[in-house]
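Every number here is computed from the coordinates shown, using simple stated rules; none is lab data. These figures come from a predicted structure and were not determined experimentally. Cβ: placed from backbone, ideal geometry, glycine included. Neighbour counts: every protein chain shown.
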Amino acid sequence: MHSRPAPPANPSGAVRERVLEVADYMFYTGGIHQTTIDAIAFQADVSTRAFARAFASKEDLIVAYITRRHESDVALFSTIAATELSHQLVLNMVLSEVIVDVASPGFHGCAFINAAIECRDYVAVQAAVKQHREWYTGAATEVLRRAGHNYPADAADDVLLARDGAMNSGYGGDPTAATAALRRAIDRVLAEIPNPTSSFSI
């Protein structure tokens, strides 16, 4: 959800927020390894000293970038779930966010998977990515459990796998085919629910 950041026009506010806004765009569009701290500081219009006061290291900044995206996804999911829509609509609205991302110009795959691949030697980054993925699976499990799925954890794993596949295939191949396959996978998961409840809320 929300993989594509908008280019920061005129970053404003506290140094940490300005740096994070710029880093979010540059890390996602240009790659974490290819993006230097000096380039981020320049675009954010902050001094090297101010940058160092805000972030202890590049790894610290990457973790903050991942955490920022995680919190955005949590907020979006919570907003959708709080509407008390049927479980089909909750999952389909979350799915629609993925489809919009995959089909849009500037899509570069899943930011969390990208970070996990690029930062294999950064323990804190790997932990942040793992935390996000565990939250995502847990949230999907709870939706499916309340909807009446007999095997909600297994079904949630299927949802996450389908999402990962759609994002990777959409970036490296045909976005239309990838999102169509994702819809079919979600439809199969929903069809497994024997006696669906009328609504879901958290």
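The figures follow:
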read-out: GNM result for the chain, Cα springs below 10 Å: residue of 150, 114, 168 fluctuating most strongly; value: 150
read-out: Net lengthening on full extension, residue 45/residue 121 (0.36 nm per residue, minus Cα-Cα); value: 24.4 nm
read-out: Backbone HN-Hα couplings from phi across region 96-108 [Karplus 6.51/-1.76/1.60, Hz, Gly and Pro as x]; value: 4, 5, 5, 4, 4, 4, 4, 8, 9, x, x, 6, 10
read-out: Additional length obtainable on full extension of the chain from residue 52 to residue 187, 0.36 nm per residue less Cα span; value: 43.8 nm
read-out: Full-extension gain in nm, residue 38 to residue 83, via 0.36 nm per residue minus C-alpha separation; value: 11.9 nm
read-out: Percentage relative contact order, the chain, counting C-alpha pairs under 8 Å, at least six apart; value: 24 percent
read-out: Likely footprinting exposure, 66, 193, 32, fewest C-beta neighbours within 10 Å first; value: 193, 32, 66
read-out: Residue-averaged [θ]222 nm for the chain, counting only DSSP H segments that reach four residues, each worth -39500 (n - 2.57); value: -23500 deg cm²/dmol
read-out: Magnitude of the charge dipole, the chain, Cβ model with Lys/Arg +1 and Asp/Glu -1, debye to 20; value: 180 debye
read-out: Packing-based exposure ordering (other Cβ within 10 Å, fewest first) of 145, 18, 188; value: 188, 145, 18
read-out: Cα centroid separation, region 51-67 to region 21-41 (Å); value: 11 Å
read-out: Charge context of residue 49, other residues only, Cβ under 15 angstrom, K/R +1, D/E -1; value: +1
read-out: Likely footprinting exposure, 121, 174, fewest C-beta neighbours within 10 Å first; value: 121, 174
read-out: Of 50, 141, 178, farthest towards positive along the dipole that unit charges on Lys, Arg, Asp, Glu beta carbons give the chain; value: 50
